[in-house]
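Asks: Pasting a structure below so you can have a look.
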Amino acid sequence: MSVVTRFAPSPTGYLHVGGARTALYSWLVAKAQGGEFVLRIEDTDRERSTQPAIDAILEGMEWLGLSWDRGPYYQTQRFERYKELIDKLLEEDKAYKCYCSTERLEKMREEQMAAGEKPRYDGHCRDNPNVGGDKYVIRFRNPQEGSVAFDDHIRGRIEFANTELDDLIIARTGGTPTYNFCVVVDDWDMDITHVVRGEDHINNTPRQINILKALGAPVPQYAHVSMILGDDGKKLSKRHGAVSVMQYRDDGYVPEAVVNYLARLGWSHGDQEIFSREELVEYFKLDDVNKAASAFNTEKLNWLNQHYMKTLPAEQVAPQLQWQFDQIGVDTSNGPALEKVVSLQADRVKTLKEMASISRYFFESVDEFDEKAAKKHLRLVAKEPLVKAKELLGAINDWNAATIQAAINQTAADLDVGMGKVGMPLRVAATGGGNSPSLDVTLELIPQQTVLARIDLALEFISQREQA
Ligand code: GLU
């Protein structure tokens with residue numbers, strides 16, 4: 001039987017880092033075996049499920065490149081099927097109507113708690129003939145003997161005694177099916193062979209297995225993925241920075257870095273850190289996923305991001321840089337090709353957001369100079385080098401890195417000063433600040449006339465400063 005996995009988010013918020021990692025692992029299991037990956041939106045909680053959350057989840061999956069082969073399925077569109085199976089269980093006496101009042105259940109709960117017992121349904125309606133009326137829930141008749149065991153791919157064998165499990169409500173008053181029931185029916189109908197999900201679902205698994213068995217459905221394999229902690233060892237939350245996957249796009253990370261990072265967060269393959277998607281598909285095994293919780297490490301993510309910005313084809317990164325420029329309102333239609341900016345700046349920044357922010361001078365006029373840099377480099381001593389550099393740069397016929405470098409060298413030689421005395425004022429003049437890649441390749445990306453005009457501005461700045 002071919003492998004079918006699924007990601008089954010409840011659309012109550014954005015796609016968070018933990019969910020994205022679960023989705024990735026599930027996707028990898030399917031891809032590794034040439035199987036199918038299903039996306040299922042678990043939207044039965046109508047009060048908490050929202051369309052913006054559904055959109056955010058789909059957007060996050062697409063951004064990460066986790067394409068699904070089937071779906072998205074929506075549980076709210078499958079109520080008839082759930083009802084059909086609930087009726088079948090009732091008919092076969094594998095489920096029963098429970099008429100217990102909220103007051104009775106509440107009182108029982110309080111008594112159990114007071115006696116130090118785990119609150120559970122006492123089976124009152126299980127054996128009593130139906131009281132009648134239309135106010136009832138439907139409970140699954142859980143086996144009362146024996147145990148349920150499964151071999152979790154991450155956590156090993158897990159066993160629950162059936163006496164620990166009470167009779168779960170599978171339909172509320174009014175007939176709405178409950179979460180655990182819908183999951184079971186869906187996993188069955190969608191032919192899921194491997195359920196990869198968060199460890200918070202471990203306690204649901206034995207209940208779901210019992211229901212699957214009652215329905216005569218095959219039991220899939222399970223893998224419960226551990227939590228992600230912040231770098232302070234506490235459960236990952238907003239306090240630790242970005243928890244929504246799309247926040248990483250906004251913050252200037254490339255999806256390749258985030259995917260690589262999430263894959264390694266809780267899984268390893270020797271001491272390899274960098275994995276192409278093909279390598280992930282080839283090497284990933286659920287059995288190699290860590291049981292222990294993993295701690296988020298932003299520095300490592302930054303390192304990976306820098307690696308991918310540098311090594312991915314610049315044409316692939318350029319549209320993402322364009323997106324960042326759009327966010328800060330920089331019009332890039334007049335200026336160098338963004339591929340060139342990517343190649344030039346990739347090893348100077350950790351994110352594309354930073355890259356956009358330090359690359360404005362390629363597209364916008366330099367109206368003012370960075371205060372600190374100007375104070376240090378746009379002084380009277382810089383006047384002569386700037387005048388000379390302007391003359392030699394202005395005389396260039398073929399504006400490129402080599403001719404620019406030659407003009408800078410010539411300026412230093414003619415004036416008999418060190419390169420820094422020419423380079424730094426020129427850098428501040430041309431880019432507005434004291435940080436830029438090597439001048440020859442930087443100036444090459446700015447039109448010659450623009451560079452000359454910026455030198456004039458710097459000279460003006462120096463004169464005004466001297467007069468002040
Ligand atoms: N809808 C559940 C959640 O978002 C996941 C259920 C499952 O994977 O079985 O936590």
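Asks: Hey, can you tell me all the residues within the range 11-44 that are out of contact with any strand residue (DSSP E or B) (no Cβ under 8 Å at 6 or more places or on another chain), near the ligand (Cβ under 9 Å from one of its atoms) and either among the acidic types (Asp, Glu) or under 22 Å from Asp189 (Cα atoms) (or both)?
Replies: Hit for the range 11-44 is Glu42, nothing else.
Asks: Under 6 Å between Cβ atoms, at least 6 apart or on separate chains: pull out the pairs that start in the range 45-74 with a residue that is closer than 25 Å to Val254 by Cβ and end on any residue that is crowded, with 16+ Cβ neighbours inside 10 Å and basic (Lys, Arg).
Replies: Filtered contacts from the range 45-74: Trp63/Arg249.
Asks: Report every pair of residues separated by at least 6 positions or lying on different chains whose Cβ atoms are under 6 Å apart, first residue within the range 311-325 and in a helix (DSSP H, G or I), second among the polar types (S, T, N, Q).
Replies: Sorted first by the residue in the range 311-325, then by its partner, the pairs are Ala314/Ser343; Phe325/Thr332.
Asks: Quick one: count up the residues across the range 325-351 that are closer than 9 Å to Ala314 by Cβ and basic (Lys, Arg).
Replies: Adding up the residues that qualify gives 1.
Asks: Name the single residue that is farthest from Ala382 (Cα to Cα) among those in the range 410-468 being part of a helix (DSSP H, G or I) and among the acidic types (Asp, Glu).
Replies: Looking at the filtered set, the residue picked out is Glu444.
Asks: What about Asn180, is it within 12 Å of the ligand (Cβ to nearest atom) and either in contact with a helix residue (DSSP H, G or I) (Cβ under 8 Å, 6 or more places away or on another chain) or within 26 Å of Leu265 (Cβ to Cβ) (or both)?
Replies: Numbers: within 12 Å of the ligand (Cβ to nearest atom): yes; either in contact with a helix residue (DSSP H, G or I) (Cβ under 8 Å, 6 or more places away or on another chain) or within 26 Å of Leu265 (Cβ to Cβ) (or both): yes.
For Asn180, the condition - within 12 Å of the ligand (Cβ to nearest atom) and either in contact with a helix residue (DSSP H, G or I) (Cβ under 8 Å, 6 or more places away or on another chain) or within 26 Å of Leu265 (Cβ to Cβ) (or both) - is met.
Asks: Are there any pairs with C-beta distances below 8 angstrom linking a residue in the range 284-298 that is surrounded by fewer than 14 Cβ atoms within 10 Å (Cβ to Cβ) to a residue that is basic (Lys, Arg), with the two at least 6 apart or on different chains, and if so which?
Replies: Short answer, once both residue conditions are applied: Lys291/Arg155.
Asks: Which of the residues spanning the range 387-402 are more than 28 Å from Val349 (Cβ to Cβ) and assigned to a helix (DSSP H, G or I)? Talk me through it step by step, then tell me what you get.
Replies: From the range 387-402, those more than 28 Å from Val349 (Cβ to Cβ) are 387-388, 390-392, 394-398; that's our starting set.
Answer for the range 387-402, where residues must be more than 28 Å from Val349 (Cβ to Cβ) and assigned to a helix (DSSP H, G or I): Val387, Lys388, Lys390, Glu391, Leu392, Gly394.
Asks: Assess whether Ser49 counts as being more than 14 Å from the ligand (Cβ to nearest atom) and either touching a His at 6+ places or on another chain (Cβ under 8 Å) or outside any helix (DSSP H, G or I) (or both).
Replies: no
Asks: For residues in the range 353-380 being of a type in the set (Gly, Ala, Ser) and over 23 Å from the mean Cα position of the chain (by Cα), which is farthest from Gln316 (Cα to Cα)?
Replies: Looking at the filtered set, the residue picked out is Ala374.
Asks: Give Thr76, Thr5 a once-over and let me know the one that is polar (S, T, N, Q), farther than 22 Å from Glu278 by Cβ and within 15 Å of the ligand (Cβ to nearest atom).
Replies: Residue meeting the stated conditions: Thr76.
Asks: In the range 199-250, what residues are assigned to a strand (DSSP E or B), at pLDDT below 95 and either under 18 Å from Trp267 (Cα atoms) or within 11 Å of the ligand (Cβ to nearest atom) (or both)?
Replies: Result: Ile228, Leu229.
Asks: Among (1) touching a helix residue (DSSP H, G or I) at 6+ places or on another chain (Cβ under 9 Å); (2) more than 16 Å from the ligand (Cβ to nearest atom); (3) of a type in the set (Lys, Arg); (4) not in a helix (DSSP H, G or I), where does Arg104 come up short?
Replies: Going through the list (1) touching a helix residue (DSSP H, G or I) at 6+ places or on another chain (Cβ under 9 Å); (2) more than 16 Å from the ligand (Cβ to nearest atom); (3) of a type in the set (Lys, Arg); (4) not in a helix (DSSP H, G or I), Arg104 breaks only (4).
Asks: Can you tell which of Ile169, Ile154 is modelled with pLDDT of 95 or more, away from the ligand (no atom under 16 Å from the Cβ) and β-branched (Val, Ile, Thr)?
Replies: Checking each option against the conditions leaves just Ile169.
Asks: For the list (1) crowded, with 20+ Cβ neighbours inside 10 Å; (2) assigned to a helix (DSSP H, G or I), I need the number of the one condition that Val366 fails.
Replies: Of (1) crowded, with 20+ Cβ neighbours inside 10 Å; (2) assigned to a helix (DSSP H, G or I), only one is false for Val366: (2).
Asks: Working only within the range 186-196, note down all residues that are surrounded by fewer than 23 Cβ atoms within 10 Å (Cβ to Cβ) and either of a type in the set (D, E, K, R) or more than 12 Å from the ligand (Cβ to nearest atom) (or both).
Replies: Asp186, Trp188, Asp189, Asp191, Thr193
Asks: Residues being more than 21 Å from Arg126 (Cβ to Cβ) and touching a Gly at 6+ places or on another chain (Cβ under 7 Å): count how many of those fall in the range 163-187.
Replies: 0
Asks: Same structure, new question: Checking the conditions here, which among Lys340, Lys350 is farther than 30 Å from Lys421 by Cβ, basic (Lys, Arg) and under 30 Å from the mean Cα position of the chain (by Cα)?
Replies: Going through Lys340, Lys350 in turn, just one is farther than 30 Å from Lys421 by Cβ, basic (Lys, Arg) and under 30 Å from the mean Cα position of the chain (by Cα): Lys350.
The values are calculated or read from the model by the stated rules, or taken from the named source; none is laboratory data. Remember, predicted model here, so these are calculated numbers, not experimental data. No Cβ is skipped: glycine too gets one built from the backbone with ideal geometry, and neighbour counts run over all protein chains shown.
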